[in-house]
Amino acid sequence: MNHTLDPIWDTVGRLHDWLDAESDLPPQQETLLRMLKISEEVGEVAQAIIGATGQNPRKGTTHSWQDVESELCDVIITAMVALRTLTPEAPEVFGAHLRGIAVRSLERSPD
């Protein structure tokens, strides 16, 4: 797969390069923090769901389902950048993994 033709992975690569340029941390520490950033973003999804459903009686409804969608996008983008941080072959790694899941899940024979 030639990921230079894929605009999504091209953008992920540019974000990765920007983050690298802005970081003063040692590479290993930067990598670990990018992995942890995924957890932070997942927590924001949970917060948005709680806010969209009004589950905090003190606060009421504070978010919309569009906020949840936005936070989910942040999780995906953050995970893509984290994967790119681990390997420059992120598009190929992701594509192969997705194909494997599709084969196991969508192409298996019914029992």
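Read-outs throughout are calculated quantities, based only on the coordinates presented, and are distinct from any laboratory measurement. Worth saying up front: this structure is predicted, and the values here are computed from it rather than measured. Don't worry about glycine lacking a Cβ; one is built from the backbone with ideal geometry, like all the others, and counts go over all protein chains shown.
Between LEU32 and ALA46, 0.36 nm times their residue separation minus their Cα-Cα distance comes to what?
On the way: separation 14, 0.36 × 14 = 5.04 nm, distance 2.22 nm.
Result: 2.8 nm gained on full extension.
Once you list every other residue whose beta carbon is under 11 Å from the beta carbon of LEU83, what net charge do they have if Lys and Arg are +1 and Asp and Glu are -1? Mind dumping the intermediate values first?
Details: positive: ARG34, ARG84; negative: GLU89, GLU92.
After counting each charged neighbour, the total is 0.
How much length is gained on full extension from ASN56 to ASP24, taking 0.36 nm per residue of separation minus their Cα-Cα distance? Provide the component values of the computation, followed by the final result.
Details: separation 32, 0.36 × 32 = 11.52 nm, distance 3.87 nm.
Gain on stretching ASN56 to ASP24: 7.6 nm.
Once label points are set 7 Å from the Cα along Cα→Cβ at both ASP17 and ARG108, what is their separation, rounded to one decimal in nm?
Result: 4.1 nm between the two label points.
Starting from the Cα of ILE101, step 7 Å along the direction of its Cβ; do the same at THR87; then give the gap between the two resulting points in nm.
Going by the 7 Å Cα→Cβ label model, 1.5 nm.
Just to be sure I understand the rule: take each whole DSSP H helix in the chain, project its Cα atoms onto its long axis, keep it if the span is 30 Å or more and its mean Kyte-Doolittle hydropathy is at least 0.0. Which ones pass? Present the calculation step by step, with values, prior to reporting the outcome.
On the way: long enough: 27-53 (40 Å, 0.11); 65-86 (32 Å, 0.72).
Once both thresholds are applied, what remains is 27-53, 65-86.
Only Lys, Arg, Asp and Glu count, each charged at its Cβ (+1, +1, -1, -1), so figure out the dipole size of the chain about its Cα centre, rounded to 20 debye.
On the way: 9 positive and 18 negative charges, 84 e Å.
With only Lys, Arg, Asp and Glu charged at Cβ, the dipole is about 400 debye.
Just to confirm the filter: which trypsin sites (Lys or Arg not before Pro) across segment 1-110 are DSSP coil and have at most 13 other Cβ within 10 angstrom of their Cβ? Write down the numbers at each step before the final one.
Values: sites: ARG14, ARG34, LYS37, ARG58, LYS59, ARG84, ARG99, ARG104, ARG108; in loops: ARG58, LYS59, ARG108.
Within segment 1-110, the qualifying trypsin sites (Lys or Arg not before Pro) (loop, at most 13 other Cβ atoms within 10 Å) are ARG58, LYS59, ARG108.
Between ASP6 and SER39, what is 0.36 nm times their sequence separation minus the Cα-Cα distance? Round to one decimal in nm. Before the final figure, lay out the partial values.
Working: separation 33, 0.36 × 33 = 11.88 nm, distance 2.65 nm.
Working it through step by step, the gained length comes to 9.2 nm.
Between (1) 18.3, 58; (2) 16.5, 55; (3) 17.5, 54, which matches Rg and Dmax of the Cα atoms in Å calculated for the structure shown?
It is the value labelled (3).
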